[in-house]
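**Q** What follows is a structure written as C-alpha cells; I'll ask about it next.
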Amino acid sequence: MSESGRPLAAQIALVTGASRGIGRAVAVELARRGAHVGINYRSNAELAQACLAEIEADGGSGELCPFDVSDVDAPADAIGAFAKSHGRLDVLVNNAGITIDGLLLRYKEDDWQKTLEVNLGGAFRCSRAAARPMARKRYGRIVNLSSVVASMGNAGQAAYAATKAGLEGMTKALSRELASREVTVNAVAPGFIDTEMTAQLPDEARAAYLAMIPLGRLGRAEEVASAVAFLCSPESSYVTGHVLAVNGGLYT
C-alpha cells in the first residue's frame, strides 16, 4: 500500500482491550493504515499475541502493552512509558469494557462498582495519561467506544448503559477541554455487533434484535473499526465532541 493510502503512517497508537472483538479489529485496522499499535490487554496474553501476529503478518507493526485499566496507577505508568519509548502518542482508543448483566432488584453492589471502574474509570485514567504527551505535541486523537444502549437503554443492563452514557458525557467535556491543544475527543457507539458477546445470545433474543435493525443484520467488528479509524486520522481534524452511531439504523 502506498504512503498516500496509509493516513496513520509513522503515528503511535494505543488500543485498550485489544486482544479480541472490536478492540482487536480496531488494532488491526489502525496498523493497516500505518500506525504502530500498542495492544493492551489485562490477562489473555495468548489472544493479544495472536492479534500482534495478525498485524505483523499483514506488514504492520505493534507491541503488547499489558495493564489493567481499572487499576488506579497502572494506566498512567504504562501509557507514560509507552509514549516515552516512542517519543510521542498520537492516538488512544478506549475500548476496554465489561458487561455484567442483571435486573436492578437483584444487582450486586460489587458488580456495579466493577463495571463503573472498568468502563468509565478506565477510560478516564487512560485519557488523562494520554492527554499529557498529546498536549505537549499539540496533536492527538482520543476515541471512546460507547454503545447504542447509552441512548436507547436495555433491560438488565442498567450498569452497562450508565457507564456508556457517562462515557459519552465525558467525551463531550474532554473535547472542549483539550481542543486548545489540537487534541480531538470523539466516541463511536456500536449497535449489535457480531462478536463473542452477541454469539452467546439465545436464538430467540438474537432474532428479536435482528427484527429491530433496519439493515436486517448484525454489524461486523471491521465496520466499527473503520469508523474508529476515521476519527483517529488527520482527516477528522474538524470533528470533536461527536458520538458516531454505527448501528444499522437501530437507533437514531
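The values are calculated or read from the model by the stated rules, or taken from the named source; none is laboratory data. The structure presented is a predicted model; accordingly, all values stated were derived computationally and were not measured. Cβ sites come from the backbone with ideal geometry, for glycine too, and all protein chains shown count toward neighbours. For accessibility, only protein heavy atoms count, side chains too; no ligands or nucleic acids. Shrake-Rupley method; radii C 1.70, N 1.55, O 1.52, S 1.80 Å.
**Q** Say whether the condition of being in a loop (DSSP other than H, G, I, E, B), without any contact (Cβ under 8 Å) to a residue 12 or more places away in the chain and open to solvent by 20 Å² or more (accessible area, probe 1.4 Å) is met by at least one residue in the stretch 111-129.
**A** From the stretch 111-129, those in a loop (DSSP other than H, G, I, E, B) are none; that's our starting set.
Taking every residue of the stretch 111-129 in turn, none turns out to be in a loop (DSSP other than H, G, I, E, B), without any contact (Cβ under 8 Å) to a residue 12 or more places away in the chain and open to solvent by 20 Å² or more (accessible area, probe 1.4 Å).
**Q** Shifting gears a bit: Could you list, in sequence order, the residues of the stretch 69-98 that are over 21 Å from G140 (Cα atoms) and buried (at least 19 other Cβ atoms within 10 Å of the Cβ)?
**A** Within the stretch 69-98, S70, G97 meet the criteria.
**Q** Can you pull out every residue in the stretch 100-110 that is under 11 Å from Q157 (Cα atoms) and open to solvent by 40 Å² or more (accessible area, probe 1.4 Å)? I'd like the intermediate steps shown before the answer.
**A** Quick first cut of the stretch 100-110, residues under 11 Å from Q157 (Cα atoms) only: 100-104, 107.
Passing the criteria: I100, D101, L103, L104, Y107.
**Q** If a residue has to be of a type in the set (A, V, I, L, M, F, W, C), surrounded by 24 or more Cβ atoms within 10 Å (Cβ to Cβ) and in contact with a Leu (Cβ under 6 Å, 6 or more places away or on another chain) to count, how many in the stretch 9-29 make the cut?
**A** 2
**Q** L218 is checked against (1) open to solvent by less than 30 Å² (accessible area, probe 1.4 Å); (2) under 15 Å from the mean Cα position of the chain (by Cα); (3) aliphatic (A, V, I, L, M) and fails just one. What number does that condition carry?
**A** Status for L218: all satisfied but (2).
**Q** For the stretch 163-202, how many residues are in a helix (DSSP H, G or I), of a type in the set (G, A, S) and in contact (Cβ under 8 Å) with a residue 12 or more places away in the chain?
**A** 4
**Q** Going by the structure shown, is A96 in a helix (DSSP H, G or I), small (G, A, S) and at pLDDT 95 or above?
**A** no
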